Amino acid sequence: MSVDEVFPNPTVKQVLFQIRFPSLFYIETKIGEYQFAIMKSFPKSEVVLQRQLVIGDVKQGEAFDKIPGGDLRKIWKFTSDSGVELEVQSDSLTVRSEHHSSYASGVSENEFRGVISFAVDKFLDVTPVPVLSRIGLRYIDHCPVASMSNRSFRRLYNSCLPTGRFPLERTTEAAVSIVVDLKDGYGLIYKEHLAAGTPKLVVDIDAYHGPLSNPRDYLSIADELHTITSREFWLTAREPLKNYMRKATRGA
């Protein structure tokens, strides 16, 4: 696995990792043990109750607990001092960070891979999940747009947006979403969104794999997902954007 280049001025806004598994009815009895195992790294904790609402059936003034179709889900949330969030539900574990800009920098405390490994290893130690139905790694990048012109935009990006047909000079908003089946159980959801108000290109890349019969193989799958997301990002971003990311921000 290659080591990420660490950019002084990264475009990544948020990175998420998730494993999904068949719903475990006994998971609530294991949460205390899991909390104790991760407490030094994720000292803040809370329980959130989330209700799935059937909006079409809700009547004005109806009591919350009377709403039909209200499937109540319990979410256990743990947060690190740096703001990294870890969420556990009966059928998933999600790691969410706005702090990490590198997957594997070579410095363990600065890499997202190390957070994934810690959170999932501790979870599998406490909760021996027999199979993972899905593993996903998602990057959301907020990329600069100097001006709403085709020439300026194409200098930075090899975009999937149809700028040849709809020039940016006359565009107020543009978006594209692509779902691709890759080989060997891998898949990709690729999205771009551009708005003229405060010009920026949001590149949202979600790579996934599943099912996985041996959950302990999750980290090698995560490494491959990172390779996929990284490759897709650099197929979109041209060399001038990489140079922009290499420049330290003012005041740094």
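A few notes on this one:
- Where a residue in region 142-165 is over 17 Å from residue 202 (Cβ atoms) and its partner, wherever it lies, is of a type in the set (S, T, N, Q), with Cβ under 9 Å and at least six apart: 150/163; 154/163; 164/150
- Options 117, 102, 97; residue that is under 17 Å from the mean Cα position of the chain (by Cα), closer than 15 Å to residue 218 by Cβ and of a type outside the set (Phe, Trp, Tyr): 117
- Some residue of region 166-184 being in contact with a helix residue (DSSP H, G or I) (Cβ under 8 Å, 6 or more places away or on another chain), in a loop (DSSP other than H, G, I, E, B) and touching a residue at least 60 places away in the same chain (Cβ under 8 Å): no
- Looking only at region 217-241, and only at residues there that are touching a residue at least 24 places away in the same chain (Cβ under 8 Å) and over 21 Å from the mean Cα position of the chain (by Cα), the one that is farthest from residue 7 (Cα to Cα): 238
- Single residue of region 204-214 satisfying the filter (assigned to a loop (DSSP other than H, G, I, E, B) and among the small types (Gly, Ala, Ser)) that is surrounded by the fewest Cβ atoms within 10 Å (Cβ to Cβ): 213
- Just one residue in the set 132, 137 is more than 17 Å from residue 30 (Cβ to Cβ), crowded, with 16+ Cβ neighbours inside 10 Å and either modelled with pLDDT of 95 or more or of a type outside the set (Gly, Ala, Ser) (or both); that residue is 137.
- Among residues of region 112-135 that are free of Cβ contacts under 8 Å to residues at least 60 places away in the same chain, those with a beta-carbon under 7 Å from a residue that is of a type in the set (S, T, N, Q) and in a helix (DSSP H, G or I) at least six positions away or on a different chain give the pairs 114/108.
- Any hit, region 140-156, residues being under 29 Å from residue 39 (Cα atoms) and either at pLDDT below 95 or in contact with a strand residue (DSSP E or B) (Cβ under 6 Å, 6 or more places away or on another chain) (or both): yes
Each row is one residue, and each column tells you yes or no for (1) among the aliphatic types (A, V, I, L, M); (2) surrounded by 12 or more Cβ atoms within 10 Å (Cβ to Cβ).
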| position | (1), (2) |
| --- | --- |
| 191 | no, yes |
| 197 | no, no |
| 202 | yes, yes |
| 216 | no, yes |
| 227 | no, yes |
| 236 | no, yes |
| 247 | no, no |
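Residue by residue, here is whether (1) within 22 Å of the chain's Cα centre (by Cα); (2) more than 26 Å from residue 135 (Cβ to Cβ); (3) modelled with pLDDT of 95 or more; (4) acidic (Asp, Glu) holds:
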site: 31; (1), (2), (3), (4): no, no, yes, no
site: 39; (1), (2), (3), (4): no, no, yes, no
site: 56; (1), (2), (3), (4): no, yes, no, no
site: 67; (1), (2), (3), (4): no, yes, no, no
site: 75; (1), (2), (3), (4): yes, no, yes, no
site: 82; (1), (2), (3), (4): yes, no, no, no
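- Residue match in region 205-213 (condition: small (Gly, Ala, Ser), more than 24 Å from residue 114 (Cβ to Cβ) and at pLDDT below 95): no
- Selection from region 109-158 of residues that are within 24 Å of residue 227 (Cα to Cα), of a type in the set (Gly, Ala, Ser) and part of a helix (DSSP H, G or I): 114, 117, 119
- Tabulated pairs, region 190-216, first farther than 16 Å from residue 11 by Cβ and among the hydrophobic types (A, V, I, L, M, F, W, C), second modelled with pLDDT of 95 or more and assigned to a loop (DSSP other than H, G, I, E, B), C-beta under 7 angstrom, 6+ apart or interchain: 212/131
- Yes/no for residue 161 being surrounded by 15 or more Cβ atoms within 10 Å (Cβ to Cβ) and under 16 Å from residue 230 (Cβ atoms): no
- Failed criterion for residue 13 (all others in (1) in contact with a Lys or Arg (Cβ under 8 Å, 6 or more places away or on another chain); (2) part of a strand (DSSP E or B) hold): (1)
The values are calculated or read from the model by the stated rules, or taken from the named source; none is laboratory data. The structure presented is a predicted model; accordingly, all values stated were derived computationally and were not measured. All Cβ positions, even for glycine, are placed from backbone atoms using ideal geometry, and neighbour counts span all protein chains on display.
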